Amino acid sequence: MEIISWNDYKKVELRSGTIIEADDFPEAKKPAYKLTIDFGESIGIKRSSAQITENYTKDDLVGKTILAVVNFPPKQIGPFMSECLVTGFPDEDGQVVLAVPDKHVSNGMKLF
């Protein structure tokens, strides 16, 4: 484990957002969805690719509030430009379980 400073942590913008659209991503090397996420007025709408097809259907995802890093530079993933990193944990099979708040929070709230 690498130790980071408090100032390093403060640079990471982990924000709440609501998934407003989930689409198949057949061009991805590993099964994934293309997500459109609303992070509120100050951040806006961002898109992300997420390898979460084992634990979630597209219908499960729309309306779900998630946590994502919103201040990484965009990353090209095949024909898709990912603008944020949706966070999660591996389950017993190594498949992603999304990191989500357990109560309602507004879009764009920063994790602290």
Within the stretch 93-105, can one find any residue that is out of contact with any His (no Cβ under 6 Å at 6 or more places or on another chain), within 24 Å of D8 (Cα to Cα), at pLDDT 95 or above and among the basic types (K, R)?
no
Just checking, how many residues over the stretch 10-40 are farther than 22 Å from P90 by Cβ and either assigned to a loop (DSSP other than H, G, I, E, B) or among the hydroxyl-bearing types (S, T, Y) (or both)?
7
So is K103 within 17 Å of I19 (Cα to Cα), without any contact (Cβ under 8 Å) to a residue 60 or more places away in the chain and either part of a strand (DSSP E or B) or in contact with a Leu (Cβ under 6 Å, 6 or more places away or on another chain) (or both) or not?
no
Right, I43: over 12 Å from the mean Cα position of the chain (by Cα), surrounded by fewer than 14 Cβ atoms within 10 Å (Cβ to Cβ) and in a loop (DSSP other than H, G, I, E, B) or not?
no
Mind listing whichever residues of the stretch 47-71 are assigned to a loop (DSSP other than H, G, I, E, B), among the hydrophobic types (A, V, I, L, M, F, W, C) and either touching a Lys or Arg at 6+ places or on another chain (Cβ under 8 Å) or closer than 12 Å to R15 by Cβ (or both)?
V70
So, in the stretch 85-101, exactly how many residues are within 24 Å of E41 (Cβ to Cβ) and loosely packed, with under 13 Cβ neighbours inside 10 Å?
1
Residues of the stretch 2-24 that turn out to be without any contact (Cβ under 8 Å) to a residue 60 or more places away in the chain and either within 12 Å of the chain's Cα centre (by Cα) or under 23 Å from N107 (Cβ atoms) (or both), as a count
8
What residue, among those in the stretch 25-40 that are on the phi < 0 side of the Ramachandran plot and among the small types (G, A, S), is nearest to the chain's Cα centre (by Cα)?
A32
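The values are calculated or read from the model by the stated rules, or taken from the named source; none is laboratory data. None of these values were measured; they are calculated from a predicted model. FYI the Cβ positions are ideal-geometry reconstructions off the backbone, even for glycines, and counts take in every protein chain you see.
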